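The values are calculated or read from the model by the stated rules, or taken from the named source; none is laboratory data. Fair warning: this is a prediction, and the values are worked out from it, not measured in the lab. For neighbour counting, all protein chains shown are included, and Cβ atoms are generated from backbone atoms with ideal geometry for every residue, glycine included.
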Amino acid sequence: LLFELRADGQPKPQIVWYKDNQPLKNTFDRKIRTENDVHILEIPRLSVNDTGVYQAKAINAE
């Protein structure tokens, strides 16, 4: 499963991914990365534990 988010701004936004309102971290099971201005959350091997509501929040306040 791959989620992509395009976000741009000044200053460049920081993206925080959430599952069921809990922030996600980059782990073996969930890969979080940025390529150019595309922010990506990848879940290579889905399981029943991955069921939930996923959101992303862009923050660019100084």
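Apart from one condition, Asn60 fits all of (1) modelled with pLDDT under 95; (2) exposed (fewer than 10 other Cβ atoms within 10 Å of the Cβ); the exception is (2). Summed over region 14-34, the residues that are over 14 Å from Glu4 (Cα atoms) and aromatic (Phe, Trp, Tyr) give a count of 1.
The residue that is surrounded by the most Cβ atoms within 10 Å (Cβ to Cβ), counting only those in region 1-16 that are closer than 14 Å to Ala61 by Cα and charged (D, E, K, R), is Lys12.
Quick check on region 45-57: of everything there that is closer than 14 Å to Phe3 by Cβ and of a type outside the set (A, V, I, L, M), which residue is surrounded by the fewest Cβ atoms within 10 Å (Cβ to Cβ)? Checked region 45-57; the qualifying residue surrounded by the fewest Cβ atoms within 10 Å (Cβ to Cβ) is Gly52. All conditions but one from (1) closer than 15 Å to Leu1 by Cα; (2) over 12 Å from the mean Cα position of the chain (by Cα) apply to Asp37; the one that does not is (1).
Among the residues of region 17-34, which ones are more than 20 Å from Ala61 (Cα to Cα), within 10 Å of the chain's Cα centre (by Cα) and not charged (D, E, K, R)?
Taking region 17-34 as the starting set, the residues that turn out to be more than 20 Å from Ala61 (Cα to Cα) are 19-22, 24-33.
Applying the additional criterion that residues be within 10 Å of the chain's Cα centre (by Cα) yields 19, 24-26, 30-33.
Across region 17-34, the qualifying residues are Leu24, Asn26, Ile32.
Out of the residues in region 17-44 that are of a type in the set (A, V, I, L, M, F, W, C), assigned to a loop (DSSP other than H, G, I, E, B) and free of Cβ contacts under 8 Å to residues at least 40 places away in the same chain, which is surrounded by the most Cβ atoms within 10 Å (Cβ to Cβ)? Among those residues, the one meeting the criterion is Leu24.
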